[in-house]
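Before anything else, here's the structure in question.
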Amino acid sequence: QVQIVESGGGLVQPGGSLRLSCSVSGNVSSISGIDWYRRPPGKERELVASIWGRGATNYADSIKDRFAISRDPTKNTFYLQMNVLKPEDTAVYYCRVWGSTDWGQGTQVIVSS
């Protein structure tokens, strides 16, 4: 079992940047990978980015070349650097540990002028 806390969201203008953090505690030794998801207003949750193994990554086409997923294993923390934000990036962002059914509370990102 793991506990997840996402943070770093907020209100940002189009073209701006944010860095989200996902802090994981509990059974961290079993973590093989994590995903960042987001749920836009009125829509289903969608997969945004993944990181696993020795740093392999994968991204949704909608955010490729704008977002970057990374990790700091010394802090059991994962990050999502979001650049050139667009209004359609507005969503609640969540991270999830592979193999776990636990979700954090998410962090709200609003991109608006």
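The values are calculated or read from the model by the stated rules, or taken from the named source; none is laboratory data. Remember, it's a predicted structure, so these values are computed and weren't measured experimentally. Glycine gets a Cβ as well: all are built from the backbone with ideal geometry, and neighbour counts include every protein chain shown. For accessibility, only protein heavy atoms count, side chains too; no ligands or nucleic acids. Shrake-Rupley method; radii C 1.70, N 1.55, O 1.52, S 1.80 Å.
Can you check what the Kirkwood hydrodynamic radius comes to for the chain, Cα pairs only, in Å to one decimal?
14.0
On the accessible surface of the chain, probed at 1.4 Å, how many percent belong to carbon and sulfur atoms?
47
A further question follows. Give me the Å³ per residue figure for the convex hull around the C-alpha atoms of region 47-113.
105
Okay, next question. Note the full-extension length gain between GLN1 and TRP98 as 0.36 nm times their separation in residues minus their Cα-Cα distance, in nm to one decimal.
Using 0.36 nm per residue and subtracting the Cα-Cα distance, I get 33.8 nm.
List the aspartates and glutamates whose Cα sits under 19 Å from the Cα of LYS43, skipping any in the same chain fewer than 8 residues away.
Cα-Cα hits under 19 Å: ASP35, ASP61, GLU88, ASP89.
I've got another one for you. Please compute the modelled spin-label separation between ASP72 and SER32, points set 7 Å along Cα→Cβ, answer in nm with one decimal.
So the label points at SER32 and ASP72 sit 2.7 nm apart.
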